[in-house]
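Please read the structure below before turning to the comments.
The values are calculated or read from the model by the stated rules, or taken from the named source; none is laboratory data. The structure presented is a predicted model; accordingly, all values stated were derived computationally and were not measured. As a convention, Cβ positions derive from the backbone with ideal geometry for all residues, glycine included, and neighbour counts pool all protein chains shown. Keep in mind that these areas ignore ligands, DNA and RNA; they rest on the heavy atoms of the full protein, side chains included. Shrake-Rupley method; radii C 1.70, N 1.55, O 1.52, S 1.80 Å.
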Amino acid sequence: MNRLGMRSFRARLTALYLAFFSLLFLLFSAFLYSELSRSLTARVDETLASEADTAAGLLQDEYQEMKGDRLLAAHEVVSDMKLHSDRVEIREGSTLLAATARTAAGADDRVAARTVQVPGHTFRVEIRASLEPVRAELALVRRAILIALPLLLLLAGAGGYLLATRSLRPLGWMAEQARRITGSNLDTRIQIDHAAAELATLVTSFNELLSRLDQSFETMRRFVADASHELRTPISVIRGEADVALSQPRSEAEYKESLTTILDEARRLSRLVDDLLNLARADAGHVRLQTQDFYLNELLAECCRSVQTLAAARRLTLECRAGGDLQFTGDEQLLRRLIINLLDNAIRYTPSGGKIAAVLESSGGTVQLSVADTGVGIGAADAQHVFERFYRAGEARSRQDGGFGLGLAIVKWIAESHAGAVACASSPGQGSTFTVTLPR
Ligand code: ADP
């Protein structure tokens, strides 16, 4: 997040906070106002009702006291009730008997009426009150709300801004620390003390990302270093051989021998470069499987045939149990490579007189291809590393045999790119079995 983005995010947070707070305040004010208005009006109605009751009782008493003089009784009641500011009217039918001084009636005046019955007469007592005082009180409240509103919004805005600034500060620290991380200090980790749970998750995820990057950087660095190291040997052999051959005139046989050595080393070199290229492509995810249908048993038989001469030269018995037709969908070229690599290793690491068995089996939805030999085997410590690039168990014997330690890494990659796996079971001195499991 750049500084501008951060600022606008903060502004947005503040605005949101402000909007939310204003809405809350407005809703609360509206609720309070309507409740107040309702309860004030209700109080006026209650007062009117009790006054009407009083006036009705009074009229009855006065009527008796005035010995049936209804006008006098009515006037007496009105003058008694006048103490209150409300207006009182006493009628009999449509005749007005007595009333307080009239003021213009408001449209929303509240009215309470009672009927008073005495022998021979029916009176109607009506008391009216204006809502003006209620309105005045409400106006006061409205003004208070209007004065408080901007003040409150100002406070809410400032509060929101402070809150947003505070919440975003650790993000700023994080960005600051992240900015300082480059390819050369990928082992640095972001540290935020007392981070909130959400931020702690972000920091952890980021640090995990750094770990993964660091690891792949390290792998890459090692790969480049190992590759350069491996390339150096054949190149120096070629140079040395050529230097020696050219240092003085030689016989044809000697030249031939030198060129044969050079050719051997060049072949080794090109195999190494091929392997490196393949692995690099695989790493970059650029290898697209050229999938097709073919018979896996035929492929195995074919691979066995192609290494038969080599096995025979080393006086090894190569047994191939490919079984019946086993149709498979996959990249034939890559799988051929896989099988050849395994057979090649078996031949290379089995002393003469030994046996090699390549077996293909299918069960359920998987195919199992195993290459077993009675060779030198692999120690437990080495067994867990043999699939790593450039790893060679028993450094000396392998180097002399010409392996680069890439064969099994390629086998593993090919098996995995077919959603399969490869495992190694071996005991030193007795032999090894490599088993590739592929889903059909
Ligand atoms: P290399 O080119 O050295 O053979 P690989 O990746 O094919 O590289 O094998 C890695 C190491 O595993 C070899 O150096 C060897 O020590 C060991 N290895 C592989 N296959 C066998 C086997 N069939 N028997 C004994 N050791 C083996």
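Among the residues of the stretch 296-343, those that are of a type in the set (A, V, I, L, M), open to solvent by less than 70 Å² (accessible area, probe 1.4 Å) and within 15 Å of the ligand (Cβ to nearest atom) comprise VAL307, ALA311, LEU316, LEU318, LEU338, ILE339, ILE340, LEU342, LEU343.
Residue count for the stretch 35-76 satisfying the condition of being of a type in the set (A, V, I, L, M) and closer than 18 Å to GLY120 by Cβ: 7. Going by the conditions given, is MET1 at pLDDT below 90 and open to solvent by less than 60 Å² (accessible area, probe 1.4 Å)? No: the conditions fail for MET1. Restricting the stretch 142-172 to residues that are of a type in the set (Lys, Arg) and more than 22 Å from PHE9 (Cβ to Cβ) leaves a set whose member that is most open to solvent (accessible area, probe 1.4 Å) is ARG143. Screening ALA346, ALA358 for residues that are within 13 Å of the ligand (Cβ to nearest atom), touching a strand residue (DSSP E or B) at 6+ places or on another chain (Cβ under 6 Å) and outside any helix (DSSP H, G or I) leaves exactly one candidate, ALA358. Exactly one residue out of LEU338, LEU334 is assigned to a helix (DSSP H, G or I) and more than 23 Å from SER426 (Cα to Cα), and it is LEU334. Going through the stretch 270-295 one residue at a time, which ones are open to solvent by 30 Å² or more (accessible area, probe 1.4 Å) and part of a helix (DSSP H, G or I)? Listed by number, the residues that qualify are SER270, ARG271, VAL273, ASP274, LEU277, ASN278, ALA280, ARG281, ASP283, ALA284. Residues that are within 16 Å of PRO428 (Cβ to Cβ), near the ligand (Cβ under 8 Å from one of its atoms), assigned to a helix (DSSP H, G or I) and not acidic (Asp, Glu) occur in the stretch 386-397; there is at least one. If you go through the stretch 364-373 and keep only what is more than 10 Å from the ligand (Cβ to nearest atom) and either farther than 16 Å from THR329 by Cα or not assigned by TED's automatic domain parsing to the domain that holds ALA415 (or both), you end up with just SER370.
Of the residues examined, SER236 is one that is hydroxyl-bearing (Ser, Thr, Tyr), closer than 30 Å to VAL273 by Cα and in a helix (DSSP H, G or I). Checking each residue in the stretch 172-231 for being within 21 Å of the chain's Cα centre (by Cα) and in a loop (DSSP other than H, G, I, E, B) picks out ARG189, ILE190, GLN191, ILE192, ALA195, ALA196.
Selection of the stretch 419-440 for residues being open to solvent by less than 20 Å² (accessible area, probe 1.4 Å) and part of a strand (DSSP E or B) yields GLY431, SER432, PHE434, VAL436, LEU438.
Could you identify the single residue in VAL116, VAL134, VAL125 that is within 30 Å of LEU153 (Cα to Cα) and crowded, with 16+ Cβ neighbours inside 10 Å?
None of the other options fit; the residue is VAL134.
Name the single residue, out of those in the stretch 414-440 being in contact (Cβ under 8 Å) with a residue 60 or more places away in the chain and among the small types (Gly, Ala, Ser), that is farthest from the ligand (Cβ to nearest atom). Restricting to residues being in contact (Cβ under 8 Å) with a residue 60 or more places away in the chain and among the small types (Gly, Ala, Ser), the top hit is SER417.
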